[in-house]
Amino acid sequence: MTIEPVALAATEQGDGPPVVILHGLFGSVQNWRTVAGRLAAAHRVIAADLRNHGASPHAGRMDYPAMAADVAALIETRAGGRAAVIGHSMGGKVAMWLALTRPTLVERLVVVDVAPVAYRPTLQAYAEAMRALPLRPGMRRAEADAALAAAIADPGERAFLLQNLRFDADGPPAWRLNLAVIGATVPTISAFPDPPGSARYDGPVLIVAGERSGYVRAGHHATILRLFPRAAFVVVPGAGHWVHAEAPEPFLRAVEPFLAIPE
C-alpha cells in the first residue's frame, strides 16, 4: 500500500546540526518546549506534531510506517535530508521504525522510555474517556478536569491530556486530537511491526529510561541490541515515563553529550 505522507506542523528554533523531536501518544510539541529551548543553544531544533495530534493534519491511517513516512518527508524538506531524531514513547517507536527503514535520514537516535516491543493497549481507555467528555459552550477547564476524574484518577495525567482541549469563547471546547482514529488504533500503536528482512540501524543510539517506569526492561535489551547494535542505555533516577518533563536537567545531561559526539 502506497503511503501518502501528511505535512506535519512543526516549530523551529536555534542554529546548528538539525535535531527532530517527536512526542508521544496524546502529546504535542508543547510538551517539549523546555528541552527544545535548551537544545536550540547548539542545534536547529525541529519539534513536530505527529499526524492526528496538535496542529498537524488528521488522517485515517495511524501506524508506524505512515507516521515514519511523515517524518521522513519532514527531514527531507526541512532538515536537509539528515537529522538526529529524538522520540518519546510512540514518537520513539516512530523514530526507531524510521531508522530501521530509512537509515540514511537518521544521523543518530535518542529513544525515550520505550522499546521496539508490544505493550498492552491500556491507553485506549483514555481515548474513550476523552471522547465521552460532554463538551458544551462556556465549559471551563476545571469542569473538564472534574468530568475526566472518574475515568482518569491521576491529576497530572488529566492535566497532560487536557492540554489538547482547545477552548473557544464562541462555542464548545474541541479536541485537537483525532480521537476517533487514535482510539481505534491504540492496539496498533501499542505494538511494533516486524522490521523488514534483516533490517537494523548501525548508527549511534541512546535509550533513555525512567527509573520508575516499566517501559524499558532488562528483558528488552536483547531485542533492542539486535536491531540497534550500537545502543547505549541510561536510566534517569526518580523519573517515570515522561522522563524529559519530570527530570529535564538529568535528561539533558544524558542527551546533550550524546548529540555532541562527532559522527
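Details
- Kirkwood Rh in Å, taken over the range 87-241 so that all alpha-carbon pairs contribute: 17.4
- Calculated [θ] (222 nm, deg cm²/dmol) that DSSP helices of n ≥ 4 give over the chain, each run adding -39,500 (n - 2.57): -10500 deg cm²/dmol
- Förster radius 30 Å - calculated FRET efficiency between residue 118 and residue 2, Cβ distance, rounded to 0.05: 0.70
- Each part gets one Cα centre, and for the range 133-191 versus the range 16-70 those centres are 20 Å apart.
- Calculated SAXS-style log₁₀ I(q)/I(0) at q = 0.08, 0.17 Å⁻¹ - the chain, Debye, Cα scatterers: -0.30, -1.40
- Rounded accessible area per residue of the chain, 1.4 Å, Å²: 43
- Fully extending the segment from residue 136 to residue 199, taken as 0.36 nm per residue of separation minus the present Cα-Cα distance, adds 17.8 nm.
- Remark on residue 6: its backbone amide H falls under 5 Å from those of 70, a criterion applied only to residues 5 or more positions apart or on other chains, H modelled at 1.01 Å from N.
- Rg/Rh (Cα only; Kirkwood hydrodynamic radius) as it applies to the range 215-261: 1.00
- Among the GluC sites (Glu not before Pro) in the range 136-244, those located in a DSSP loop and surrounded by at most 14 other Cβ atoms within 10 Å of their own Cβ are 211.
- Per atom type, the chain shows carbon and sulfur on 54% of its accessible surface, probed at 1.4 Å.
The values are calculated or read from the model by the stated rules, or taken from the named source; none is laboratory data. Predicted model only: the values in this text are computed from it and were never measured. Neighbour counts run over all protein chains shown; Cβ positions are idealised from the backbone, glycine included. SASA here: full protein model, heavy atoms, side chains in, ligands and nucleic acids out. Shrake-Rupley method; radii C 1.70, N 1.55, O 1.52, S 1.80 Å.
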